[in-house]
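**Student:** What follows is a single structure, and I will ask about it in a moment.
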Amino acid sequence: MVTGASSGIGKATATLFAKNGYNLIITGRREQRLEELKEKLKRKYGVKVKILLFDIRKNAEVKKAFKSLDENWQNIDILINNAGLAKGFTSVQEGIIEHWETMIDTNLKGLLYISRLVSEKMVEMQKGHIINICSTAGHEAYPKGNVYCATKAAVNMITKNMRLDLYQHGIRVTQVSPGHVEETEFALVRFDGDAERAKIYEDFTPLRSKDVAETIFFAATRPKHVNIQEILVMSTQQAGSNFIDRSGRK
């Protein structure tokens, strides 16, 4: 299962897993995009693909969608908690409450809603792998990142606690924390669709969504006795949330 699979890292990850023969459950809110991805992956790679449409911020919708799956499809081997976003880029005293709530509800509560359902099934099976997509923002703050950084820091701690809760049940838990990534809608969403403000990658080369997908796939395909706890990955020109070589794309 890949949450937030209609674009960016989620779409790239679903594609890579399909290419390697994995059946998929792809989730999100944009039905047309998910349908197009489903048909493409089925046609190109011959895998089975199911779509679950729900707003991950709404627990009732998440539950209803999950319960609609046949019993076998509820027995998920790998959950990739990718759905997440940033909204706004302001100092805390100028913050927009609706933006804060959207980030908290999506990045934190949404991850918990779906993980609660899937992890219970994994415990019954005594196997499984949960991969949470965090961010460099979960490890260090940056100006005007306030609530986004806070939600990703919470993901960081939740992942650590998931590991402690689940390791005795044969379940692996991994966190992948990317820096800047292009080929996503991250900046466009953060700036409310302002395409000009979203041009934040023109003076350096960030990661691409495929790079993160390959990192996720690597962690997911280690031998069953190997649990990769965490991967922190950035482009060569980024050394941290506050350290980027903006001397041009290289």
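The values are calculated or read from the model by the stated rules, or taken from the named source; none is laboratory data. Since the structure is predicted, the reported quantities are computational estimates derived from the model, not experimental observations. Cβ sites come from the backbone with ideal geometry, for glycine too, and all protein chains shown count toward neighbours.
**Student:** Taking only region 158-190 into account, find how many residues are part of a loop (DSSP other than H, G, I, E, B) and either modelled with pLDDT of 95 or more or within 18 Å of LEU79 (Cβ to Cβ) (or both). Working first, answer last.
**Tutor:** To start, the set of residues in region 158-190 that are part of a loop (DSSP other than H, G, I, E, B) comprises 170, 179-180, 183-185.
Next cut, either modelled with pLDDT of 95 or more or within 18 Å of LEU79 (Cβ to Cβ) (or both) only: 170, 179-180.
The qualifying residues number 3.
**Student:** For region 81-108, give me the residue count where each residue is of a type in the set (D, E, K, R), buried (at least 17 other Cβ atoms within 10 Å of the Cβ) and farther than 14 Å from GLY4 by Cβ.
**Tutor:** Filtering region 81-108 down to residues of a type in the set (D, E, K, R) leaves 87, 94, 98, 101, 105.
The next check asks that each one be buried (at least 17 other Cβ atoms within 10 Å of the Cβ); those that pass are 87, 105.
Okay, now just the ones that are also farther than 14 Å from GLY4 by Cβ, so 87.
So the answer is 1.
**Student:** Looking only at region 110-144, how many residues end up being polar (S, T, N, Q), assigned to a helix (DSSP H, G or I) and more than 25 Å from LEU53 (Cβ to Cβ)?
**Tutor:** Step one: list which residues in region 110-144 are polar (S, T, N, Q), which gives 115, 119, 126, 132, 135-136.
Now drop any that are not assigned to a helix (DSSP H, G or I), which leaves 115, 119, 136.
Then keep just the ones that are more than 25 Å from LEU53 (Cβ to Cβ); that gives 136.
Selection size over region 110-144: 1.
**Student:** With respect to ASN59, is the statement that it is out of contact with any Asp or Glu (no Cβ under 8 Å at 6 or more places or on another chain) and at pLDDT below 95 true? Write out each step before concluding.
**Tutor:** Values: out of contact with any Asp or Glu (no Cβ under 8 Å at 6 or more places or on another chain): yes; at pLDDT below 95: no.
No; evaluated as a whole, the condition is false for this residue.
**Student:** For region 68-101, which residues satisfy the criterion of being in a loop (DSSP other than H, G, I, E, B) and among the β-branched types (Val, Ile, Thr)?
**Tutor:** Filtering region 68-101 down to residues in a loop (DSSP other than H, G, I, E, B) leaves 68-70, 75-77, 82-91, 95-96.
Within region 68-101, ILE76, THR90, ILE96 qualify.
**Student:** Listed residues VAL147, VAL212, VAL155; which is touching a Phe, Trp or Tyr at 6+ places or on another chain (Cβ under 7 Å) and assigned to a helix (DSSP H, G or I)? Talk me through it step by step, then tell me what you get.
**Tutor:** On the way: VAL212 fails: touching a Phe, Trp or Tyr at 6+ places or on another chain (Cβ under 7 Å); VAL155 fails: touching a Phe, Trp or Tyr at 6+ places or on another chain (Cβ under 7 Å).
The match here is VAL147.
**Student:** Let me ask you something else. For region 234-248, how many residues meet the condition of being surrounded by 12 or more Cβ atoms within 10 Å (Cβ to Cβ) and assigned to a loop (DSSP other than H, G, I, E, B)?
**Tutor:** Residues flagged as surrounded by 12 or more Cβ atoms within 10 Å (Cβ to Cβ) and assigned to a loop (DSSP other than H, G, I, E, B) within region 234-248 amount to 7.
**Student:** Here is a list: ALA60, ALA65, ALA14. Which entry is in a helix (DSSP H, G or I) and farther than 20 Å from MET122 by Cβ?
**Tutor:** Numbers: ALA65 fails: farther than 20 Å from MET122 by Cβ; ALA14 fails: farther than 20 Å from MET122 by Cβ.
Answer to the selection: ALA60.
**Student:** (1) under 25 Å from PHE243 (Cβ atoms); (2) in contact (Cβ under 8 Å) with a residue 12 or more places away in the chain; (3) not acidic (Asp, Glu): which one isn't true of HIS129, the others all being true?
**Tutor:** All conditions are met except number (1).
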